[in-house]
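Presented below is the structure to which this report refers.
The values are calculated or read from the model by the stated rules, or taken from the named source; none is laboratory data. Given the structure is predicted, the values throughout are model-derived calculations rather than measurements. In this analysis, Cβ positions are derived from the backbone assuming ideal geometry, glycine residues included, and neighbour counts consider all displayed protein chains. Accessible surface is based on the protein model in full, side chains and every heavy atom, while ligands, DNA and RNA are left aside. Shrake-Rupley method; radii C 1.70, N 1.55, O 1.52, S 1.80 Å.
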Amino acid sequence: MKIMRKASRSKVITYGLVAIAFIIVQLLISSGNISSSLQGQLVPICAYVVMAVSLNLTVGVLGELSLGHAGFMSVGAFTGVVACISLESIIPFTILRLTVSIIIGAFSAGVAGTLIGIPVLRLEGDYLAIVTLAFGEIIKNITNCLYVGVDKAGLHVNFLTDATSLNLSEGGRVIIDGPMGISGITKLSTFAMGFALIMVTLFIVLNLIDSRSGRAIMALRDNRIAAESVGIHVTKYKLMAFATSAALAGAAGALYAMNYSTIIASKFGFNTSILILVFVVLGGLGNIRGSIIAATVLTILPEMLRQFNNYRMVIYAIVLVLIMLATNDDNLKGFLSNLRNRLLPSNLRKGKKGAENG
Amino acid sequence: MDKAKRPETKMVPVPSTNLVPERDVDKLPVLEARNLGIEFGGLTALAGFNMAIGRTEIAGLIGPNGAGKTTVFNLLTKVYQPTHGTILLDGRDTNNMTTVQINKAGIARTFQNIRLFSNLSVEDNVKLGLHNNINYGMWNGILRLPAYWKGERRAHEQAMELLSIFDMQDLAGNRAGSLPYGAQRRLEIVRALATKPLLLLLDEPAAGMNPSETAELMENIVKIRDTLQIAIILIEHDMNLVMGICEGICVLNFGKIIAKGTPREIRNNPQVIEAYLGKKKEG
């Protein structure tokens, strides 16, 4: 029972951290103490936090390196926006339409994750990383050649042609225009929606980790052969983690896309995948709270560094290197844990054992 | 360990002419390997392996390094698919079963080089052994439905009960990788037992243990067999342990069985002595 309580306390801290951050930002917005550029970053930050948390499920919890996470974000973004535009007349209420679109985005990304996962998850380690990278690029290039339009008859989909061959009837609208992507999106995403999505993501991921299925996923990470020997179905749980991760990335993609008026496929390329991976690695593999903090800080950082003009990304890179060195430094880690032991009253410490060692 | 106190079991043949303890002879052998063999690209690692294990037998598998002992375990658990022969588990042919299916069918094992889920807690390791005995799905877990609470409560109770076999309840919250070596070996046995097997395979359970730990382990292996009424096959180099608790012993050398019998027969078998110590010079 002690372990259970420890796990749930850690969860409450994570939820609390996000909620407090949300309240502080809301207060800053209402008092007008927040720069407009930062205010524009709020929804992307939420999307990146969800991306980082979901990728952490694959990389940190399942222990398989995925380099194509942005591909699933792309699937979610495009299907989400297509759903949103086609549902415009059916669901006039915007928050509901946004929610439905995010769910559709998540669902289709989950399906894509499952389909890709079935062949890909037979591989391991570096090979799996390379193949996920390939699938990320495949998704990007497919979306680049996709033409989707909507009219009274429903959705029209064409591949590798052009927008005119969609044969839309009068009053029809081209939604995805190949490499031009989607333009004229109504910005529906709000910071509150982003916050809600983060909370839902945390609820799913944290509860999954702390359950029978999550244990099985972590067992595969720690020792696949032993996991098989106790009767844990390897493919099933790998696929479960991968598909959940993809679905959450799809939700993040839909949220992200509906924050901009235009969205193109090349936005969700390899660079974005790596960016998310940086958040995860920096925040700590398997450390959900770390992912949230890393995604937030590293998304704000380039904005904060704007005063350095052309040197902005150089400084960003230097800061990244320094943080990596600092977080991997044993002396610093020891110092911090000593500090924590000294500052926190003993009843808040992890248990008797920790107190004796400290 | 007082060997004199433990009476030697009489081994009697079953229809396949393999030997099982007399008390198990009326029941179907829990495991029967017939003419089992495997070749790795032309290299014969094991050939003509015949063995029957009684339902409550403790059997020993011994032999010099590289004799093929662990290969036998890997064949029984289908880490490798055998190229020859049949394995009958509880009378069922295990042909084409996977490792996972074998475990569900009733074989659990430990490993020569310990394979724990080292980043998880001791309790979680045992709960993973219970994985197929607590059945609630992914959504029950995520949404924290009643099935989750019921399943987890049962898992916790069962895990604690299993840990109590080796008096390890106090370690439940520790990280498995941080345990001392002997405790890690014991935890591996507990995890294997959690899968509720009919047959437990122990690969060098006493490796790295000191004599008093080994003696305690011997007591515990017998206790496990007596309370759970399961069969146990163990690979071990510690002859005190093997001769002390095994009823039937099978000696392997270069992938072939060179002797089978009770501890007393094995101890005096010239071929076994030769395999271990080498041939006496003529003249």
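For region B:111-133, a residue qualifies if it is closer than 15 Å to B:Pro180 by Cα and either surrounded by 24 or more Cβ atoms within 10 Å (Cβ to Cβ) or of a type in the set (Phe, Trp, Tyr) (or both), and the qualifying residues are B:Leu116, B:Phe117, B:Val122.
Yes or no, residue by residue, for (1) β-branched (Val, Ile, Thr); (2) in contact with a Phe, Trp or Tyr (Cβ under 7 Å, 6 or more places away or on another chain); (3) under 20 Å from A:Ile176 (Cβ atoms):
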| residue | (1), (2), (3) |
| --- | --- |
| A:Ile34 | yes, no, no |
| A:Ser74 | no, yes, yes |
| A:Val81 | yes, no, yes |
| A:Ile85 | yes, no, yes |
| A:Phe93 | no, no, no |
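In region B:152-171, of all residues being surrounded by 22 or more Cβ atoms within 10 Å (Cβ to Cβ) and within 11 Å of another protein chain (Cβ to nearest Cβ), the one that is farthest from B:Arg115 (Cα to Cα) corresponds to B:Ala155. Could you check region A:167-183 and list, in sequence order, the residues that are touching a helix residue (DSSP H, G or I) at 6+ places or on another chain (Cβ under 8 Å) and open to solvent by 70 Å² or more (accessible area, probe 1.4 Å)? Of everything in region A:167-183, those that are touching a helix residue (DSSP H, G or I) at 6+ places or on another chain (Cβ under 8 Å) and open to solvent by 70 Å² or more (accessible area, probe 1.4 Å) turn out to be A:Arg173, A:Pro179.
Output the residue which, of all residues in region B:243-275 that are over 22 Å from B:Ala45 (Cβ atoms) and among the hydrophobic types (A, V, I, L, M, F, W, C), is modelled with the lowest pLDDT. Among residues in region B:243-275 that are over 22 Å from B:Ala45 (Cβ atoms) and among the hydrophobic types (A, V, I, L, M, F, W, C), the one modelled with the lowest pLDDT is B:Ile273. For region B:245-283, residues that are within 25 Å of B:Pro197 (Cβ to Cβ), in contact with a helix residue (DSSP H, G or I) (Cβ under 6 Å, 6 or more places away or on another chain) and surrounded by fewer than 22 Cβ atoms within 10 Å (Cβ to Cβ) total 1.
Residues in region A:14-33 that are open to solvent by less than 80 Å² (accessible area, probe 1.4 Å) and of a type outside the set (Ser, Thr, Tyr): A:Gly16, A:Leu17, A:Val18, A:Ala19, A:Ala21, A:Phe22, A:Val25, A:Gln26, A:Leu28, A:Ile29, A:Gly32.
No other residue among B:Glu188, B:Glu213 is of a type outside the set (Ser, Thr, Tyr), open to solvent by less than 60 Å² (accessible area, probe 1.4 Å) and at pLDDT below 95 apart from B:Glu213.
Quick check on region A:137-186: of everything there that is among the basic types (Lys, Arg) and under 14 Å from A:Glu88 (Cβ atoms), which residue is modelled with the lowest pLDDT? Only one residue tops the list, namely A:Lys152. If only residues of region A:184-203 that are among the hydrophobic types (A, V, I, L, M, F, W, C) and open to solvent by less than 30 Å² (accessible area, probe 1.4 Å) are counted, the one that is nearest to A:Asn56 (Cα to Cα) is A:Leu202.
One residue stands out in region B:47-94 among those that are among the aromatic types (Phe, Trp, Tyr) and open to solvent by less than 30 Å² (accessible area, probe 1.4 Å): the one that is nearest to the other protein chains (Cβ to nearest Cβ), namely B:Phe73. Among B:Ile102, B:Ile107, which is buried (at least 16 other Cβ atoms within 10 Å of the Cβ), over 23 Å from B:His237 (Cα atoms) and touching a helix residue (DSSP H, G or I) at 6+ places or on another chain (Cβ under 8 Å)? Just one listed residue meets the conditions, B:Ile102.
When region B:80-114 is filtered for residues that are of a type in the set (S, T, N, Q) and either in a loop (DSSP other than H, G, I, E, B) or in contact with a Leu (Cβ under 9 Å, 6 or more places away or on another chain) (or both), the ones remaining, listed by number, are B:Gln81, B:Thr83, B:Thr86, B:Thr94, B:Asn95, B:Asn96, B:Thr98, B:Thr110, B:Gln112, B:Asn113. Identify the residue in region A:34-49 that is of a type in the set (A, V, I, L, M) and in contact (Cβ under 8 Å) with a residue 24 or more places away in the chain and, among all such residues, is surrounded by the most Cβ atoms within 10 Å (Cβ to Cβ). Looking at residues that are of a type in the set (A, V, I, L, M) and in contact (Cβ under 8 Å) with a residue 24 or more places away in the chain, I get A:Ala47. When A:Thr164, A:Thr132 are checked against the criterion of being among the polar types (S, T, N, Q) and surrounded by 13 or more Cβ atoms within 10 Å (Cβ to Cβ), a single residue qualifies: A:Thr132.
Check whether at least one residue in region A:268-287 is among the polar types (S, T, N, Q) and surrounded by fewer than 18 Cβ atoms within 10 Å (Cβ to Cβ), and report yes or no. Yes - at least one qualifying residue is present in region A:268-287. Annotation note: of B:Asn174, B:Asn133, B:Asn103, the sole residue that is closer than 27 Å to A:Ala243 by Cα and either touching a His at 6+ places or on another chain (Cβ under 8 Å) or facing chain A (nearest Cβ under 9 Å) (or both) is B:Asn103. Do you know which residues across region A:217-242 are under 29 Å from A:Pro44 (Cβ atoms) and open to solvent by 20 Å² or more (accessible area, probe 1.4 Å)? Within region A:217-242, A:Met240 is the sole residue that qualifies.
Matching residues to (1) of a type in the set (Ser, Thr, Tyr); (2) touching a residue at least 12 places away in the same chain (Cβ under 8 Å); (3) within 14 Å of chain B (Cβ to nearest Cβ):
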site	(1), (2), (3)
A:Asp177	no, yes, no
A:Ile185	no, yes, no
A:Thr201	yes, yes, yes
A:Gly214	no, yes, yes
A:Leu220	no, yes, yes
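Taken over region B:30-46, the criterion of being exposed (fewer than 14 other Cβ atoms within 10 Å of the Cβ) and touching a residue at least 24 places away in the same chain (Cβ under 8 Å) is satisfied by B:Asn35 alone.
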